[in-house]
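The values are calculated or read from the model by the stated rules, or taken from the named source; none is laboratory data. Everything numeric here is computed off the predicted structure, so don't read it as measured data. Note that we place each Cβ from the backbone using ideal geometry, even for glycine, and neighbour counts take in every protein chain shown. Heavy atoms of the whole protein, side chains included, go into the accessibility calculation; ligands, DNA and RNA do not. Shrake-Rupley method; radii C 1.70, N 1.55, O 1.52, S 1.80 Å.
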Amino acid sequence: MTPTDQALSKDKNQIAEELLKICQRMSSERDLAALLDLIANEATKLMGADRASLFLLDRERGELWSKVALGSEAIRFDARLGIAGAVALSGQTINVEDAHQDPRFYGEIDLRSGYRTRSLLAIPLRTHEGEIIGAFEVLNKTTGLFSEADEEILKALAAQAAIAIETAQLLEGMRRHREQLQE
């Protein structure tokens with residue numbers, strides 16, 4: 001094994017360990033808002049990005065919404081807009097070097113938040129049954145651009161995040177139902 005192969009193997013092992021730790025923390029968090037915050041914070045660090053956002057799909061309203069977008073307030077917008085919308089509706093991964101040059105980019109969110117999106121990697125959030133429940137974005141890689149390896153890492157994280165989100169949503173629904181029955 002060459003020194004380069006050893007370094008790559010070590011990096012993969014380190015990433016796998018970090019993913020496992022993040023997944024363990026996600027699986028123990030039952031509060032949806034806290035879970036979304038945890039996922040976004042951990043993804044930002046893991047991916048070497050400025051920011052991460054999880055947009056959940058509200059099928060009834062045809063909107064994407066986020067309780068958390070690191071460094072900004074909650075966001076709600078038409079699911080047909082933006083790269084997050086394209087990902088949530090198509091199920092395709094989108095990796096762009098310059099978001100403002102991509103015709104799918106919805107600049108209104110940058111205008112509202114005062115943030116400047118440059119590079120962007122977006123992955124669909126899918127339940128274990130394959131249903132798309134939203135989009136997971138990481139923004140502005142701090143060194144270079146998002147790579148194919150980054151795409152694979154975010155896909156792995158998104159798969160586990162979707163399961164944790166679905167579980168938290170189910171538990172939240174059960175809590176609301178129990179409270180209604182008690183009233």
Kindly write out, for the stretch 48-60 in residue order, the coupling ³J(HN,Hα) from the Karplus curve 6.51 cos²θ - 1.76 cosθ + 1.60 (θ = phi - 60°), rounded to whole Hz, with x marking Gly and Pro. x, 10, 6, 7, 9, 9, 10, 10, 9, 8, 9, 5, 4
With r defined as the distance between the Cβ atoms of D37 and E129 and R0 fixed at 22 Å, what FRET efficiency is calculated, to the nearest 0.05? 0.30
Binned at 10 Å from zero, the C-alpha pair distances of the chain give percents of 9, 37, 34, 14, 4, 1, 0
Express in Å², to the nearest 10, the accessible area of L181 obtained by rolling a 1.4 Å probe over the protein heavy atoms while all chains stay in place. 130 Å²
Residues M174 and A16, FRET efficiency given R0 of 25 Å [Cβ-Cβ distance, rounded to 0.05]: 0.15
Modelled label-to-label distance, L81 and E183, 7 Å Cα→beta-carbon offset: nm? 3.2 nm
With 20 Å as the cut-off, how large is the P(r) tail for the stretch 54-155, expressed as percent of Cα-Cα pairs? 33 percent
For E42, solvent-accessible area (1.4 Å; no DNA, RNA or ligand), Å²: 30 Å²
If you find the alpha carbon centre of the stretch 82-119 and of the stretch 149-173, how far apart are they in angstrom? 20 Å
Solvent-accessible area of I153 with every protein chain in place, 1.4 Å probe, in Å² to the nearest 10: 30 Å²
Let me have the 222 nm mean residue ellipticity of the chain computed from DSSP H runs of 4+ only, each contributing -39500 (n - 2.57), with the sum over all residues rounded to the nearest 500. -17000 deg cm²/dmol
